[in-house]
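Right, one structure below, let's go through it.
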Amino acid sequence: MEEQATVTAADIARIAGVGRAAVSNWRRRYGDFPPPVGGTASSPFFSLVAVEKWLRERGKPVEISLGDRIWQRLRNLGDDLALGDRVGRVGSYLSRRHTWTLSPRYDDAELLELLDRFAAERGARDAFEFLCERYVEAHSRQLSVTPEPVAALVSRLIGPAPGVVLDPACGLGTLLLASGGTRLLGQTGDPATSCIAAHRLLLAGADMEMYGADALSMDSFEGVLADAVVCDPPFNEREWGYDELVGDPRWVYGQPPRGEPELAWVQHCLAHVKPGGLVAIRMPPAAAGRRTGRRIRGNLLRAGALRAVVTVGGADLWLLRRPEPGERPPSRLLLATDPSTVEEHLRGADVPGTVRIIDLLDEEIDLSPARYQDRDEHAGEAFLEVRRYFEGIRPELPSLAVSDEKPSFVTIGELLKSGVLTVPESVAEGDVVASPSVPAYVHSGEMVETEPTMSKYRTDPERLDAAFLAGCLRAAGQIAPTSSTRIDLKRTRIPRLPIEAQRAHGEAFTRLAAFEAALREAAESGLELVRLGLTGLTEGQLRPGN
């Protein structure tokens, strides 16, 4: 029902056309601002109806599109853990694959009528893309979406008519959609994500095939050879099946080390492309130089399979070509920080940044593009860019007043005994997490497993505010990174305060943490400014100015 729809602070900012800081300011300044109706102290939900009424009473422009109304209703049908399933079922409905019932608790017909209206206004594909964008925004910390510049570059590199294109770790299908292939094959480990990707492709009119399973451990396209393979695999996954996949026939260039799952993905992609076909795979920068992977990198170079490593979008893009039988391997490899030269290099042109392969086959076999570039050749422009970023950092210190009140205290152990605190099996949104290396924080996002060294607590939100608890743990210094001994967190003292006072303290703790993060960011940017300034002045790329 419309009355049950809720919105986050980010949603309110979008509805009112302001920044999130403005929404936080309204909550502090106006006592009649609608109170939270759910969520957590750090990520509250508000009644959409109440927020609309409040905004209109103050003459603030309110523009809630049909798409946003659908999104809020969809999000409020259940918890966010199953949101991906619901988005996928919307795609199924819009692609007319089958009829759909949302939930017996809600008037499905009314929501489906809104979806029909939205699809009629914008087209089924654009309507679903709108909802997918909202889904990505809501789960930005859990979803890894290939940056648009990377997808566009990959599309150019594999050519205008690539034929059959495979992405074995396709996520939401971004690379497949950009590829322009005549037939698209996708696989991803999460069934809900694969459902969303499948319906994005179907609504785009693609001839496609999609599976929801991890491609390394359960290859759904075994024996299939595509004309091109694109891939943006998950980085640094510890549990990728190393023990089960020892000696796998895909490891033509060597057994991937346990800590190098990305080199398993590289070889999986090469195993699925036709001889002479191109592979474009996004890789973490560390994969170009880790000592454990140098044997495989060397074998890729000697066979002529690796053609270029180019830095783009905060990571490296590896361009590979499966060698044809009897083909003579190339003598040079492109290692570039400028993506504009890659296409010319693949066509055989002599471009800046090419390095003789024989010079790379040393003890390290380090293929990091930055190592072979003059990293400060654009120090002048970089200085101006970093300065703009530095000047945009505005640490905001919360307003605090002197108090003479001396609260009594209770320990975490006592809170656990009373049931105000519990220790959950897994960490869910709103839980407090403390570890030896990271200050305590309130978890926001989907349920995750924690490391054995982490402590986790779940509060009764009516009696103990999570942000307040996290701030007290930080203040106690029990989980400081410099701690060399294991401290019993159950002895940590927590002030006895009414819940409203706890929430006010929790807000101040949260703002202090944000202030600290901004200070660190400013310090790091400031040091980079000094480095670039020294280099620019020395090399003549900067001069003293007014």
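Annotations
- Taken over the stretch 199-217, residues that are crowded, with 18+ Cβ neighbours inside 10 Å and over 20 Å from the mean Cα position of the chain (by Cα) amount to 10.
To keep it simple, each residue is scored yes or no on (1) on the phi < 0 side of the Ramachandran plot; (2) surrounded by 19 or more Cβ atoms within 10 Å (Cβ to Cβ); (3) assigned by TED's automatic domain parsing to the domain that holds residue 188; (4) at pLDDT below 90.
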{"residue": "23", "(1), (2), (3), (4)": "yes, yes, no, yes"}
{"residue": "29", "(1), (2), (3), (4)": "yes, no, no, yes"}
{"residue": "40", "(1), (2), (3), (4)": "yes, yes, no, yes"}
{"residue": "47", "(1), (2), (3), (4)": "yes, yes, no, yes"}
{"residue": "51", "(1), (2), (3), (4)": "yes, yes, no, yes"}
{"residue": "63", "(1), (2), (3), (4)": "yes, no, no, yes"}
{"residue": "81", "(1), (2), (3), (4)": "yes, no, no, yes"}
{"residue": "87", "(1), (2), (3), (4)": "yes, yes, no, no"}
{"residue": "91", "(1), (2), (3), (4)": "yes, yes, no, no"}
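- Filtering the stretch 218-244 to residues that are at pLDDT below 95, more than 23 Å from residue 88 (Cα to Cα) and either surrounded by 15 or more Cβ atoms within 10 Å (Cβ to Cβ) or among the hydroxyl-bearing types (Ser, Thr, Tyr) (or both) leaves 235, 237, 240, 241, 242.
- Annotation: of all residues in the stretch 486-535 being charged (D, E, K, R), free of Cβ contacts under 8 Å to residues at least 24 places away in the same chain and outside any loop (DSSP other than H, G, I, E, B), the one that is farthest from residue 29 (Cα to Cα) is 531.
- All positions within the stretch 528-546 that are at pLDDT 85 or above and either closer than 30 Å to residue 35 by Cβ or surrounded by fewer than 15 Cβ atoms within 10 Å (Cβ to Cβ) (or both): 530, 534, 543, 544
- Residue count for the stretch 143-168, restricted to those that are over 20 Å from residue 129 (Cβ atoms), outside any loop (DSSP other than H, G, I, E, B) and at pLDDT below 95: 4.
- Filtered by the rule that a residue be of a type in the set (Asp, Glu) and assigned to a strand (DSSP E or B), the stretch 209-247 gives 209, 227.
- Tally of residues being out of contact with any Ser or Thr (no Cβ under 9 Å at 6 or more places or on another chain) and assigned to a strand (DSSP E or B) across the stretch 169-208: 3
- The stretch 255-290, residues that are in a loop (DSSP other than H, G, I, E, B), free of Cβ contacts under 8 Å to residues at least 60 places away in the same chain and either surrounded by fewer than 16 Cβ atoms within 10 Å (Cβ to Cβ) or under 28 Å from the mean Cα position of the chain (by Cα) (or both): 256, 257, 258, 259, 260, 284, 290
- Those residues of the stretch 316-350 which are free of Cβ contacts under 8 Å to residues at least 60 places away in the same chain and under 12 Å from residue 280 (Cβ atoms), in sequence order: 316, 318, 320, 321
- Residue 238 being out of contact with any strand residue (DSSP E or B) (no Cβ under 9 Å at 6 or more places or on another chain) and under 18 Å from residue 167 (Cα atoms): no
- Taking each residue of the stretch 211-237 that is within 23 Å of residue 276 (Cα to Cα) and looking for partners that are acidic (Asp, Glu) with beta-carbon atoms closer than 6 Å, six or more apart or interchain, yields 230/167; 231/167.
The values are calculated or read from the model by the stated rules, or taken from the named source; none is laboratory data. Computed from a predicted structure; not experimentally measured. Note that we place each Cβ from the backbone using ideal geometry, even for glycine, and neighbour counts take in every protein chain shown.
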